[in-house]
Amino acid sequence: MSDKKTSNEMWGGRFASGPAAIMEAINASIGFDRKLYAQDIRGSLAHSEMLAEQGIISAADQKLVAHGLNTILREIEDGSFVFSTAREDIHMNIEARLAELVGPAAGRLHTARSRNDQVAVDFRLWVKEELQGTAEALKRLLAAFLVRAEEHAATVMPGFTHLQTAQPVTFGHHCMAYVEMFGRDLSRVRDAIERLDESPLGAAALAGTGFPIDRKKTATALGFREPTRNSIDSVSDRDFALEFLSVAAICASHLSRLAEEIVIWSTPQFGFVRLSDSFSTGSSIMPQKKNPDAAELIRAKTGRVNGHLVGLLTVMKGLPLAYSKDMQEDKEAVFDAAEALDLMLAAMTGMVTDMAVNKDAMRKAAGAGYSTATDLADWLVRVLGIPFREAHHVTGRAVALAEERRVGLEKLGLEDLQAIHPGITGDVFSVLSVRNSVKSRSSFGGTAPSEVRRQIRYWKKRIARA
């Protein structure tokens, strides 16, 4: 048996050269961290400029380094740069190419810097930029909801608890519930940016450096509020990545809830909304089918985002300070979750903008299931002054009678209602219609069209300031 065959049997066909091939495969991150190329070059440019200003490297060397880095940036963006797995990561790939371009000056770039603080600053920059993009995507979704809410401020629909008809609301009010939810997501994004807005560059491997660097200068050059204040934490912290995933998971869960409602609403049994062909697919065998695939995929991708959060929490939970190679596993989770969330937000904004609302189906369903029963109970308390629990009992008897006769509450005769409670007058019918029920809910944050419009005005101003 040849040595090559023995090696293949021991290590497997993909790792023909044995341990060296396995180590290269498990150690290399260039397959995914190449996404950080622009941030890596930005960080290196800021670092080199600071080194030159501090007299740590010469101005001539800094000029060569800057020229080389800008050349590499063009090469990567035009697709001519050759990435090497043997060079492990984006930092070493760029550094090796820089040496080819400018010679010994390239080696001076890494003065007062480690790959530990280099990757930390690259990754923070990337996450910060991604969060800024997420904020803009959320603002577009909020704007789309405000348009639909304004259109349908008075469009009645059933409100549900336990997915059972509860009380009539307006579709505009239902839309504004999601405005509140996604508005909180936007707030969480802003908070996350505020917390991560510190530069770890200059922390070096973990203990700082003896060179007279100016960390405030590099922080400002990279758009950070200030430098981090502890060199150990600077290189071992991945809170910002965990917070990004946490924000993404909460937002994805909100998107998934909305997606589920769209799936339900678009069924023939509900018929509340209809998605265009842009966000639907047909069946390969059933010609009548129109499937809400975009909504279903949003619902599914939430599991992917949630999984990445749990995965990175698990990676980080037992790591001693400062840097450990385990932390290389942070990027794929964040990159994939970010891509999924970007797509989910874009797809949902498209669906909210695009979907046709069936007002008649909503109005018909709003009156089903004795949805104005609470209005009857409230009327008994407000007008007759009886305790709510007694009013609840009286209303229950009225509902039972309506069920027996297979009619709505508003179709019962006054004499029927007076047989249940003699104090009931004809005025009660003013609250038993769906439209009057909705109109009466004018408390702050209620479903009355006037209140919905007030909340729309508030959110328009708030988003304009965001």
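The values are calculated or read from the model by the stated rules, or taken from the named source; none is laboratory data. This one's a predicted model, so the numbers in the text were calculated from it and none came from an experiment. Heads up, the Cβs are rebuilt from the backbone with ideal geometry, glycines too, and the neighbour counts pull from every protein chain shown. In case anyone asks, the SASA skips ligands and DNA or RNA and just uses the protein heavy atoms, side chains included. Shrake-Rupley method; radii C 1.70, N 1.55, O 1.52, S 1.80 Å.
Residue 303 versus (1) within 30 Å of residue 27 (Cα to Cα); (2) free of Cβ contacts under 8 Å to residues at least 40 places away in the same chain; (3) more than 23 Å from the chain's Cα centre (by Cα): which is the lone unmet condition?
Failed condition: (3).
Of all helices (runs of 4 or more DSSP H) completely enclosed by segment 358-466, which ones contain at least 1 residues that are touching an Asp or Glu at 6+ places or on another chain (Cβ under 6 Å) and within 27 Å of residue 266 (Cα to Cα)?
434-440, 449-465
Would you check which residues across segment 218-239 are crowded, with 19+ Cβ neighbours inside 10 Å and not hydroxyl-bearing (Ser, Thr, Tyr) and list them?
219, 222, 224, 227, 235, 237, 238
Residue-wise test of (1) assigned to a helix (DSSP H, G or I); (2) open to solvent by 10 Å² or more (accessible area, probe 1.4 Å); (3) under 19 Å from residue 332 (Cβ atoms); (4) at pLDDT 95 or above.
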position: 241; (1), (2), (3), (4): yes, no, yes, yes
position: 245; (1), (2), (3), (4): yes, no, yes, yes
position: 252; (1), (2), (3), (4): yes, no, yes, yes
position: 255; (1), (2), (3), (4): yes, no, no, yes
position: 258; (1), (2), (3), (4): yes, no, no, yes
position: 288; (1), (2), (3), (4): no, yes, no, no
position: 294; (1), (2), (3), (4): yes, yes, no, no
position: 303; (1), (2), (3), (4): yes, yes, yes, yes
position: 309; (1), (2), (3), (4): yes, yes, yes, yes
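Return the total of residues in segment 27-53 being more than 18 Å from residue 200 (Cβ to Cβ), over 30 Å from the mean Cα position of the chain (by Cα) and open to solvent by 40 Å² or more (accessible area, probe 1.4 Å).
Qualifying residue count for the region: 1.
With the checklist (1) without any contact (Cβ under 8 Å) to a residue 40 or more places away in the chain; (2) crowded, with 17+ Cβ neighbours inside 10 Å; (3) closer than 21 Å to residue 152 by Cβ in hand, flag the one item residue 372 doesn't pass.
For residue 372, the exception is condition (1).
Restricting the first residue to segment 272-283 and requiring it to be under 22 Å from residue 360 (Cβ atoms), which pairs with a second residue that is at pLDDT below 80 meet a Cβ separation below 6 Å and a spacing of at least six or different chains?
Qualifying pairs under 6 Å: 280/290.
Sort out which residues of segment 221-239 are assigned to a helix (DSSP H, G or I) and hydroxyl-bearing (Ser, Thr, Tyr), and write them in order of number.
231, 234, 236
Can you work out which of the residues in segment 104-118 that are open to solvent by 10 Å² or more (accessible area, probe 1.4 Å) and in a helix (DSSP H, G or I) is nearest to residue 92 (Cα to Cα)?
115
Which pairs do you get when a residue that is open to solvent by less than 20 Å² (accessible area, probe 1.4 Å), found in segment 63-77, comes within reach of a residue that is not in a helix (DSSP H, G or I), reach meaning Cβ atoms under 6 angstrom, with the pair 6+ apart or on two chains?
Filtered contacts from segment 63-77: 65/109.
So is residue 376 assigned by the TED database to the domain that holds residue 419 and touching a His at 6+ places or on another chain (Cβ under 8 Å) or not?
Considered against the rule, which asks whether it is assigned by the TED database to the domain that holds residue 419 and touching a His at 6+ places or on another chain (Cβ under 8 Å), residue 376 comes out as no.
Check off (1) closer than 30 Å to residue 295 by Cβ; (2) polar (S, T, N, Q); (3) outside the structural domain of residue 144 (by the TED database) for residue 353 and give me the number that stays unchecked.
It fails just one condition, (3).
Report yes if residue 89 is open to solvent by less than 20 Å² (accessible area, probe 1.4 Å) and in contact with a Ser or Thr (Cβ under 6 Å, 6 or more places away or on another chain), otherwise no. Walk me through it before giving the result.
Details: open to solvent by less than 20 Å² (accessible area, probe 1.4 Å): yes; in contact with a Ser or Thr (Cβ under 6 Å, 6 or more places away or on another chain): yes.
So residue 89 passes the test.
Within segment 415-433, is there a residue that is loosely packed, with under 15 Cβ neighbours inside 10 Å, among the β-branched types (Val, Ile, Thr) and farther than 17 Å from residue 167 by Cα?
Checked segment 415-433: at least one residue is loosely packed, with under 15 Cβ neighbours inside 10 Å, among the β-branched types (Val, Ile, Thr) and farther than 17 Å from residue 167 by Cα.
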